[in-house]
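Asks: Here you go, one structure.
The values are calculated or read from the model by the stated rules, or taken from the named source; none is laboratory data. What you see is a predicted model; the values in this text were computed from it and never measured. Ideal geometry is used to build each Cβ from the backbone, glycine not excepted, and the neighbour counts take in all protein chains shown. We work out accessible area using only protein heavy atoms, side chains counted, and drop any ligands, DNA or RNA first. Shrake-Rupley method; radii C 1.70, N 1.55, O 1.52, S 1.80 Å.
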Amino acid sequence: MKNVVGIINDTDIKQKLKDLTRARSTAAVPFGGRYRIIDFVLSNMANSGIKNIGILTQSNNRSLLDHVDSGKEWDLLSKRDGLFILPPIFRYDQFTGNLGDVDHYYNHMDYLNRSRQEYILISNSNIIYNMDYREIETFYHKKRADVVMVYKNVSETYKTNHRVLSLLLDNNERVRDMADARDKALSPAAALEIAFMKKNLFMQLIDDCIARGYRDFTKDGLIKNLDRCKIFAYEHKGHAAKIDSIKTYFRHSMDLLKPEVWKDVFLSHGNISTKVKDEPPAKYQESAQVSNSLMANGCHIAGTVENSLLSRGVVIHAGAVVRNSIVMQKGQIHEGAVVENAILDKDVVITSGKQIIGDAEYPMVVEKQAVI
Amino acid sequence: MKKHEVIAMLLAGGQGSRLGILTRKLAKPAVPFGGKYRIIDFPLSNCANSGIYTVGVLTQYQPLILNSYIGIGSHWDLDKKNAGVTVLPPYVRHDGGHWYLGTANAVYQNIEFVDQYDPEYILVLSGDHIYKMDYSKMVDFHKEKEADVTIAVIEVPWEETHRFGIMNTEKDNRIVEFEEKPLEAKNNLASMGVYVFDWQKLRNALIEDDLDSGSDHDFGKNVIPKMLDEGRKVFAYPFKHYWKDVGTIESLWQANMDLIDDSPELDLYERDWKIYSVNPNQPVQYIGAEASVKKSLVNEGCQVYGSVERSILFPGVVVGKGSIIRDSVIMSDVTIGENVVIERSIIGEECTVEDRCRIGQPGKGQEGITVLGENVVASKEKSIPAGVEINIDNCHEFGCCPNGIHNREVGE
C-alpha cells in the first residue's frame, strides 16, 4: 500500500476514560501490558505497507510523542515519507467554539497536498484490532467504490450505552444509511471509524465542509453525501474493540485473557509493534502463584496474581494478592496488600496491608503515581 | 576521523567447540542466554553503558547470525555519527591475506581500523563471558597506575585455578608472573580476558609478534608474557562481581540457572545498567488458568498452560497442558505439547516436542544435560535419555524428526 497515506486521528479525547486521559491523549493510554492504544492502528498501517503516516494530535500530546518517537519501531524512520506528527494549530479566528475533526484535517491540508500518495486511509486512534488493510484496498477496487468504511457485526453482549456509528447496508454491501446514535442502532454493523478513498476526494469533502461551516467529517462529510458518493462497507471478521470509557477499557483489556482473543489481536496478521524498553524477562519466585494472567517483561512476581494484566516492570511482593485487575508500568504491590477489580495507572504503589477493591462491573481507578 | 580516547575491540570469532551442537551454526558469542539475550549482548551493553561507543567486532567462525544480529548496533545504542559498531571479518589485501591466526593476530590485522580513531587506549574484550562491568573505571585505574597493560582479574576457587590463566601479583596489583593453567597455583586471580593497553605500545608489540614465526599470535600465551618479560608495567584490575565463562554445555546451563535465584548475583533488573538486546517484539506472555510458574524467567510471547519450575523460557515458547518443565532452558519458539516432561535440558530454537514425550530422563547411569539442537522434532511419546545431544545429524538414531529435517535441507 505504498500509494496510500495513513492518517490517525487522535484529536478526540475520550473524557469517559477519566483519570487515564488526564495526562495523555486517548491514543497514548497504556493497553495490553506493553502497548499504547495507538500501537494497534499504527502497526496495522505499517504492516499493510503504508509508508507515509500522519498523526493528528491534541494539545496534551507529550506522552504520545514520547511513545512514537521517530517511528523507528514501526519502520517509519525513512528519508522519504515516514511518520509525521500533525499538531493542533491555534488560530486567533478559531478560538471561539470547539474545533471539529474537519478543522484539524483542514489545518493540515498542506501535508496531504505534499504527500505523493493517491489514496488515503483515515482512522480513529482508539480501536484495538489486528487487520491487513490491503483487504480494504482490494474491496475498494472490486466494488468500484468511492469510499470504503469498515464495520464489525456486534452481538447483543457488546451493546453499550455509548454512541455507536451504525451502518445500514444493502445486499451489495453499499451503505444506505448511517447514524451515530446511543441506543437506536440501525443494524448490528458498527463502524470501526476507518475510511479509505482517493486523497483528492477526501480533500474535496473537507473543502466542502469548511465552505459550509460544517465541523464533523462523519456526519457532514459522509452522511450528507450518501447519495452522491458510493460508500461501501467491508466487514472485519476478527476481534475489534473500541476503547471509549473506563468500562470498555476494562472489559476489552480483560478480553485479552481469552487465548483466542490474545492470538487474534496479537498474532493474526502481523506483529503489533511498540516502544522497546529493554526489560529483562518476567521473573517468578518460588512463592509466585499466577493463573489466567498476562504478564509483561520486567515483572517480578512473588505473590498471587489471578485474572489480571501486568505491565512492564511491575513488582508483586510475597503475600500480595492481585485479582481481576490491571496494573500498569512499574506498579508495586507490597506484602499483604489486596487489589481487586482495579485499574492502577503507572507508578502506583500500594503499601503493605492496604486493600483496593472495586466492583466487578465498575473497577476502581487509581491515578498515576499515587501512593496508597 | 575525530580522535577517540578509548576504543574497544571485541573478539567474537571463537567457535566454542565445547558447546557442541549449540555452536554448530553460530559463533559462541551468538549463543542465546538468559531467556532473551545472546552472550555478546553483555560486552556490547557494557561498552555502551561505560560510554565507549566505538567497538570493532572481530568475527570469523559462522558469522552470519552474529553479523545480522549486530547490524549497525542500534539495539545497544551504538549507532553514532562519529562512532559505532564495525564488524571486522578477515579480508584479502594486495599481497594476499589469511584467517585470523589468534586473538593478537586478529587485532594486528585491523591496525588500520584502530589507527583511524587514533586512540590513547584500546580495550580488548572477549565475546564469551557473562558479566556486567564498567570499563571506564578500569581505564581510570590503568591511567592512575600509569600502566602499559591492565588485565581484569577475578578470584576463582583455589581448586579451579588449573582451568584459568593465573596472575601472580605484588601487593600494589602489579603482575609479576603469568601462568597459563598452572597445576600448583601461587595465586587465585584469574584473567577475565578483558585488557586495557596503551595503543602505541600494543601496536608495536603486535607488529613484533607478527614477525615471530614461533608465536601462536595469542594475547594470553604470547603477547602479554612477552611484555612481562620486557619489564613492562602490567597491572591486575580486581573485579569483585559476577563473571562466568560459559564455555561448556554444563556451565552455560549453570549460568542460566544462576539467574533464577531470588536475588541472583547477576542483577538483570538494574535500571542504570540495562543489558540491551534485539527485541523480538512479541505480545505479553499468557499464563493459563491451570498453569504454575515458579522460580523461573519467562519472556514475551510465551503461552504457558502447564507447569514450569526452575527454568528459563525464551520468547514464543508454548507449554501445553499437563506438561512439566523442570531445571531447563527452552529457547525461542519451541512448541511443547501436552503431558510432556522435560528435565535438566537445553532445547534449541524452534524445536517441537510432541505430547507425552520424556526428555532428559535420569537413570541407566546417565547424567548430564540433555540438548536438543535447533529444529529437532521429538514425536509423540519419545523418551530421550539424560545427557545426550541430538541434532539433525543424529536425530534418526533417537527416532526424532520423522518427517526428516535432514531431507528438507538436502532438498533445498
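Asks: Which net charge results for the neighbourhood of A:S115, defined as the other residues with beta-carbon distances under 9 angstrom from its beta-carbon, given Lys and Arg at +1 and Asp and Glu at -1?
Replies: Within the 9 Å Cβ shell, the charges total +2.
Asks: What value in Å³ per residue do you get for the convex hull of the alpha-carbon atoms in the protein assembly as shown?
Replies: Expressed per residue, the convex hull around the Cα atoms of the protein assembly as shown is 208 Å³.
Asks: Let's test the formula: R0 of 51 Å, r as the Cβ-Cβ distance of A:N60 and B:K143. What FRET efficiency results, to the nearest 0.05? Don't skip to the end; give the middle numbers.
Replies: Numbers: r = 49 Å, r/R0 = 0.96.
So, using R0 = 51 Å, E works out to roughly 0.55.
Asks: Can you pull the one-decimal nm distance between simple spin-label points at B:Y269 and B:E338, each 7 Å off the Cα toward Cβ?
Replies: 3.5
Asks: Now, a different point. How big is the dipole moment of the protein assembly as shown about its Cα centre under a simple scheme where the beta carbon of each Lys and Arg is +1, that of each Asp and Glu is -1, and everything else is neutral? Debye, nearest 20, please.
Replies: The calculated dipole for the protein assembly as shown is roughly 2820 debye.
Asks: I need the peptides A:13-25, B:162-174 ranked by packing, meaning the mean over residues of other C-beta atoms within 10 angstrom, with the highest value on top. Working shown, then result.
Replies: Numbers: A:13-25: 18.6, B:162-174: 16.2.
With the highest mean Cβ count within 10 Å placed first, the list reads A:13-25, B:162-174.
Asks: Just grab the label-to-label distance for B:D79 and B:T248, each label 7 Å out from Cα along the Cβ direction, in nm (one decimal).
Replies: Label at B:D79, label at B:T248, 4.1 nm between them.
Asks: From a point 7 Å beyond the Cα of A:E335 in the direction of its Cβ, which residues of segment B:249-285 have a backbone N at a distance under 17 Å?
Replies: B:262-263, by backbone N distance to the label point.
Asks: While we're looking at this one, here's another question. Treat each spin label as a single point 7 Å out from the Cα along the C-beta direction, and report the A:A211 to B:K25 distance in nm.
Replies: Spacing of the two 7 Å Cα→Cβ label points: 6.2 nm.
Asks: Do you know the relative contact order of segment A:4-267, to the nearest whole percent, from alpha carbon pairs under 8 angstrom that are 6+ apart? Don't jump to the answer; show the numbers that get you there.
Replies: On the way: 466 pairs, mean separation 60.8, N = 264.
Normalised by residue count, the contact order of segment A:4-267 is 23 percent.
Asks: Something else now. Given R₀ = 35 Å, what would the calculated FRET efficiency be for A:N153 paired with B:E349, taking r from the Cβ atoms and rounding to 0.05?
Replies: Between A:N153 and B:E349 the formula returns 0.30.
Asks: Name the long-range amide H neighbours of A:I55: under 5 Å, sequence gap of 5 or more, or other chain; modelled H, no Pro or chain starts.
Replies: A:I8, A:F84, A:I85, A:L86
Asks: Now, a different point. Using a 10 Å Cβ count of at most 15 others and DSSP loop calls, identify the longest part of chain A lacking such chymotrypsin sites (Phe, Trp or Tyr not before Pro).
Replies: Here the longest segment lacking exposed loop sites spans A:96-372.
Asks: Enumerate the amide H contacts of A:E235 below 5 Å, restricted to partners 5 or more residues apart or on another chain; note that Pro and chain-start residues carry no placed amide H.
Replies: It is A:Y151, by chain and number.
Asks: For segment A:231-306, what's the relative contact order in percent, using C-alpha pairs closer than 8 Å and at least 6 residues apart?
Replies: On the way: 58 pairs, mean separation 16.2, N = 76.
Relative contact order here is 21 percent.
Asks: So, one more: Which whole number gives the average count of other chain Cβ atoms within 10 Å of the Cβ atoms across peptide A:298-306? Numbers along the way, then the final one.
Replies: Values: counts 4, 4, 2, 5, 1, 0, 0, 1, 2.
Whole-number average of other-chain Cβ neighbours for A:298-306 is 2.
Asks: Further, regarding this structure: Using a 10 Å cut-off on Cβ to Cβ distances, tally the other chain neighbours for every residue of B:294-306 and report the average as a whole number.
Replies: 5
Asks: With a 1.4 Å probe and every protein chain left in place, work out the accessible area per residue of chain B in Å², rounded to a whole number.
Replies: 41
Asks: Toward the positive end of the charge dipole of segment B:83-170, about the Cα centre and with charges on Cβ (Lys, Arg +1; Asp, Glu -1), which of B:P89, B:V107, B:I130 goes farthest?
Replies: Farthest towards the positive end: B:P89.
Asks: Now for a different question. Which FRET efficiency value, to the nearest 0.05, do you get for A:Q15 and B:D212 by plugging their Cβ-Cβ distance into 1/(1 + (r/R0)^6) with R0 = 60 Å?
Replies: Approximately 0.15, to the nearest 0.05.
Asks: What is the distance in Å between the Cα centres of segment A:262-304 and segment B:234-259?
Replies: Distance between centres, Cα-based: 28 Å.
Asks: Ignoring ligands, DNA and RNA and using a 1.4 Å probe, state the total buried accessible area between A and B in Å², rounded to the nearest 100.
Replies: 3300
Asks: Moving on to the next point. Quick one: check the C-alpha center-to-center distance for segment A:305-324 versus segment B:57-125, whole angstrom.
Replies: For segment A:305-324 versus segment B:57-125, the Cα centre distance is 45 Å.
Asks: Mind scanning A:K242/A:K275; A:K198/A:K247; A:K184/A:K263; A:K16/A:K230; A:K18/A:K230 and naming the pairs with a C-alpha gap bigger than 29 Å?
Replies: Those over the limit are A:K198/A:K247; A:K184/A:K263; A:K16/A:K230; A:K18/A:K230.
Asks: Could you give the distance between the Cα centres of segment B:287-352 and segment A:5-53, to the whole Å?
Replies: 33
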